[in-house]
1. Please give me the summed charge of the neighbours of residue 178: other residues whose Cβ is under 11 Å from its Cβ, Lys and Arg +1, Asp and Glu -1.
2. So I have (1) 31.8; (2) 27.2; (3) 24.2, and one of them is Kirkwood radius over Cα pairs in Å calculated from this model. Which one is it?
3. Determine the gain in length on full extension of the stretch residue 165-residue 219; use 0.36 nm per residue of separation and subtract their C-alpha separation, reporting nm with one decimal.
4. Near residue 255, which lysines are there with a Cα under 17 Å away, not counting those fewer than 8 places off in the same chain?
5. Relative to the Cα centre, what is the charge dipole magnitude of region 67-117, using +1 at the beta carbon of each Lys and Arg, -1 at the beta carbon of each Asp and Glu, and rounding to the nearest 20 debye?
6. Give me the one-decimal nm value for the distance between modelled label points at residue 278 and residue 11, 7 Å along each residue's Cα-to-Cβ direction.
7. Using 0.36 nm times the number of residues separating residue 290 and residue 42, minus their current alpha carbon distance, what extension gain do you get?
8. Any idea what % of Cα-Cα pairs in region 189-264 are farther than 20 Å?
Amino acid sequence: MFELFKNHIDSHLPFLREGKLLVAISGGLDSVVLTHLCHKLKLNIALAHCNFNLRGDESDSDETFVLDLAEDLYLEVFVESFDTKAYAKTHKCSIQMAARELRYHWFSELAEQLNFDYILTAHHADDNLETFLINFTRGTGIEGLMGIPKVNGKFVRPLLMFSSTDIENYAITNTLEWKNDSSNQSAKYLRNKLRHQVVPVLKEINPSLLQSFSTTLNNLTDVSIIVSNSIDDFLTKAVERITENEIWFSIAAFKKQNAPGAYLYQVFKDYGFTEWNDVLNLLDAQPGKQLFSNTHRLIKDREYLLLTEINVQNQQKSITIPEYDNEIHTPIGMLSFNVVKEILKEDLNTIYVDAELLKFPLIIRKKQEGDYFYPLGMTGKKKLSKYFKDEKLSLLDKEDTWLLCSGDSIVWVVGRRADNRFRVNKNTSKIFKITLR
């Protein structure tokens with residue numbers, strides 16, 4: 001196995017030869033074998049062990065074992081102790097998910113602080129099959145059926161080509177010692193159920209299951225490349241506009257496809273959306289219909305789907321300007337008030353008003369039901385909703401528009417239109433130049 005491992009590193013992961021590597025080690029069979037193989041190959045490694053404090057003395061015994069192994073191999077070792085149960089309770093997740101989040105966060109933190117180039121984990125071919133089955137039973141796309149990636153950022157899995165049997169035979173042949181985790185036998189975990197109850201049956205049906213699975217993964221990888229290229233081509237036609245805050249997708253472009261739902265999934269899956277029937281129904285929904293993920297929002301706006309990131313800061317409802325000040329920090333930028341003698345130049349981000357008509361405190365806020373103003377240059381008042389409609393603003397544009405108000409009166413639809421009631425006239429004795437930047 002060592003020669004196969006060496007050839008695999010040289011052929012597929014040669015960058016590990018020159019890198020500073022952190023090996024994640026539990027003390028179990030797989031990570032111990034990975035440690036010995038890397039050490040024998042003279043890779044530049046250090047060890048990292050997590051004590052999750054879930055198995056009492058057994059957890060402490062694993063930690064001691066890893067410390068002794070590091071001493072025997074003259075390797076640097078890092079150990080971190082976690083209150084996993086408390087973390088799971090606080091973050092409202094399972095123990096397994098808590099342990100996963102804790103260890104990956106710590107590994108990444110170590111790598112960044114101590115300049116490790118890569119973090120090696122001991123996932124092997126059987127782990128890959130189990131991950132495939134877990135994703136399959138839960139429902140997934142092509143990515144979920146492709147198993148564990150060999151390289152994912154700083155994380156590298158050099159043992160994915162080897163089976164659990166290969167690894168155990170190597171350990172026995174080389175008289176290696178390791179620790180057994182009793183929780184790996186518990187049927188309450190889905191992975192263990194698959195490992196002990198499902199996979200043995202599949203291997204009985206097909207003794208060459210792992211080889212067949214490897215072929216399947218290769219085929220899925222090829223299909224994934226084709227899909228990715230197809231989506232890239234599609235996006236060149238579907239994306240109408242990209243701004244700082246949003247992406248506009250043509251609804252017609254999706255509807256022209258034979259399977260629009262598949263294109264919607266491939267385009268929006270990385271933004272946290274999961275209710276795909278709802279996403280598909282959005283194509284024919286009324287304008288203004290919205291869907292939310294934890295991080296993004298998708299909006300039907302006439303002929304487009306608008307994708308925007310959920311920005312908590314922009315959800316702020318108002319800010320008060322208690323008294324006159326030259327410069328005020330606002331949710332939309334710096335607002336400056338300067339006394340000037342005459343009107344020089346107006347643009348969308350600059351207005352001139354009669355200072356004596358303003359009553360502090362001023363309020364900067366979003367629109368409210370029933371808002372109206374007197375657009376500068378027009379006669380009479382206009383509902384803000386009608387103004388937005390006439391200006392053909394999208395739902396996002398409306399939501400991103402702020403109002404500068406004096407009392408109940410709108411002074412400025414910021415960045416768009418000033419109010420006629422506060423205009424400078426021949427009787428004005430003090431002029432405020434208000435600028436947003």
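Taken together, the values in this text are just the output of simple stated rules run on the coordinates, not laboratory data. In this text, all values refer to a predicted model and were calculated from it rather than measured experimentally. Because the Cβ atoms are built from the backbone with ideal geometry, glycine has one as well, and the counts that use them run over all protein chains shown.
1. -4
2. (2)
3. Working: separation 54, 0.36 × 54 = 19.44 nm, distance 2.44 nm.
Gain in length upon complete extension: 17.0 nm.
4. 237, 300
5. Numbers: 5 positive and 10 negative charges, 126 e Å.
Roughly 600 debye for region 67-117.
6. In this crude label model, residue 278 to residue 11 measures out at 4.7 nm.
7. Working: separation 248, 0.36 × 248 = 89.28 nm, distance 5.57 nm.
Taking residue 290 through residue 42 to full extension adds about 83.7 nm, to one decimal.
8. Everything past 20 Å amounts to 58 percent.
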